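Accompanying notes for the structure given below.
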Amino acid sequence: MGVLGRFGKYLPISEHTPCVNLEEGSTPLVRLGRIGEELGVELWAKLEGCNPSGSFKDRGMVLAVAKALEDGARALVCASTGNTSASAAAYAAHVGVPCYVLLPSGKVALGKLAQALIYGAKVISVDGSFDRALEMAREASAARGLAMVNSVNPYRIISQKTGAWEICESLGRAPDLHVIPVGNAGNISAYWAGYKDFKSWGRISSLPKMIGIQAEGAAPLATGRPCPNPETVATAIRIGNPVSAKTALEAVAESGGQFETVTDDEILSAQKMLASRAGVFAEPASCTTIAGLVKLSRAGKLPKGASVAVILTGSGLKDPDAAMSQAGRPAEIGSSMEELMEAMS
Ligand code: AN7
């Protein structure tokens with residue numbers, strides 16, 4: 001029934017809010033038995049790539065767009081490393097308003113670029129970083145009176161809390177550890193707020209430790225140092241100056257969690273591990289979670305038997321280039337059975 005239908009009672013909507021619905025949310029929470037066993041934990045993965053535009057962004061976008069329409073917005077604008085733009089473009093198309101998206105030139109995965117274009121957004125490629133594109137989008141929003149749908153829009157974060165609510169409903173409790181990629185830091189802030197909601201409503205008795213994972217080349221929060229030139233294979237989280245830094249730092253501190261960094265090699269091996277040992281294909285940014293768990297496990301820092309939820313924020317299909325860089329190639333044969341038998345041996 002979509003996020004507004006399922007959770008509307010707990011969201012800031014009224015009879016004046018249009019009920020936008022692309023059937024986002026209610027994503028699968030899958031037990032990863034084989035990988036969990038290797039790591040010595042009870043491992044659950046939230047498949048946010050199953051959302052209509054293929055990433056978690058749809059959870060927050062649906063409310064941001066509904067509220068923008070309620071407030072009379074005639075167009076949307078955002079900057080994006082790819083997924084926000086795909087989601088904004090999808091919802092803009094669904095409700096019939098124009099959408100401007102600013103992308104860092106050459107740094108957006110192919111699937112995401114294809115989405116923004118085919119959904120019909122006005123796509124503008126900026127010769128600069130995501131952080132610069134975000135500043136420009138904010139100025140354009142103010143100058144032109146466009147609805148800004150990046151996570152600086154508070155409705156995005158409020159509605160992204162539904163991911164935490166769903167996990168608590170599925171498990172009947174909160175996990176011990178919540179492991180999540182961190183880029184602009186909105187999602188980790190939203191999940192922490194969502195868990196705290198459920199606790200304050202008496203629906204769960206304990207809160208998880210929040211473990212935020214950043215790519216080594218784009219790790220301003222994990223290192224505590226600004227990152228003017230972020231670089232990583234996980235282009236979704238190639239962000240040097242996170243908008244929600246403060247609330248993300250609070251989430252990790254209040255929950256007794258931690259930040260961790262992982263290298264590009266670790267991210268890509270984790271992607272292959274997740275696909276080949278769990279049958280789950282997630283984009284590189286999402287796989288930082290598995291890479292982070294492997295790293296913590298090797299350091300002996302993963303409590304045995306803990307229940308762990310990882311948020312797989314986007315589909316692997318978004319970034320075919322990253323996957324093909326390490327996936328191997330098909331065996332090429334002619335059309336004879338001899339060659340087939342040879343190839344199968
Ligand atoms: C797959 O699309 O920032 O820490 O512009 O696409 O809430 O930013 C994407 C971020 C994790 C990080 N995983 O979440 C954008 C954008 C995926 C993402 C993140 C993103 P935040």
Quiz prompt | Computed E for MET324/GLU254 - FRET, C-beta separation, R0 41 angstrom, nearest 0.05 | solution = 0.50
Exercise. Average the reciprocal distances over every distinct pair of alpha-carbons in region 220-304, invert the result, and give the Kirkwood radius in Å.
Key: 14.0
Quiz item: Just the C-alpha atoms of region 190-245: what Rg/Rh do they give, with Rh taken as the Kirkwood radius?
Solution: 1.14
Exercise. Can you give me the three principal axis dimensions of the chain from its C-alpha atoms, in Å, biggest first?
Key: 65, 52, 42
Quiz item: With each pseudo-label sitting 7 Å past Cα toward Cβ, what's the CYS19-MET1 distance in nm, one decimal?
Solution: 0.8
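Given Cα positions, please report Rg to Rh for region 140-234, the hydrodynamic radius being the Kirkwood one. Don't jump to the answer; show the numbers that get you there.
Numbers: Rg = 15.9 Å, Rh = 15.0 Å.
For region 140-234, the value is 1.06.
I need to check one value: relative contact order of region 48-147, counting alpha carbon pairs closer than 8 Å and at least 6 residues apart, in percent.
Working: 159 pairs, mean separation 29.0, N = 100.
With pairs under 8 Å counted, the relative contact order is 29 percent.
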Quiz prompt | Simple spin-label estimate for SER276 and HIS94 in nanometres, 7 Å along Cα-Cβ | solution = 3.6
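Find how much the distance from LYS122 to SER200 grows on full extension, using 0.36 nm per residue of separation minus their present alpha carbon separation; answer in nm with one decimal. Don't jump to the answer; show the numbers that get you there.
Details: separation 78, 0.36 × 78 = 28.08 nm, distance 4.22 nm.
Taking LYS122 through SER200 to full extension adds about 23.9 nm, to one decimal.
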Quiz item: When only C-alpha pairs under 8 Å and at least 6 residues apart count, what is the relative contact order of the chain, in percent?
Solution: 19
Quiz prompt | Shape of region 1-154, Cα gyration tensor, a/c cut at 1.5 | solution = oblate
Practice problem: Largest first and in whole Å, give the semi-axes of region 303-345's equivalent ellipsoid, each being the square root of 5 times a Cα gyration tensor eigenvalue. | Solution: 38, 18, 8
Self-check item: Lysine pair count for region 108-228 [Cα-Cα under 22 Å; pairs on different chains or 8 or more apart]
Solution: 6
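Determine, for each peptide in 11-18, 216-223, the mean count of other beta carbons within 10 angstrom over its residues, then list the peptides with the highest first. Walk me through the numbers before you get to the answer.
Details: 11-18: 12.8, 216-223: 19.9.
By packing density, highest mean first, the sequence is 216-223, 11-18.
A short reminder: the numbers here are calculations on the coordinates, not readings from a lab. Keep in mind that this is a model prediction, so the values were computed, not measured. Cβ: placed from backbone, ideal geometry, glycine included. Neighbour counts: every protein chain shown.
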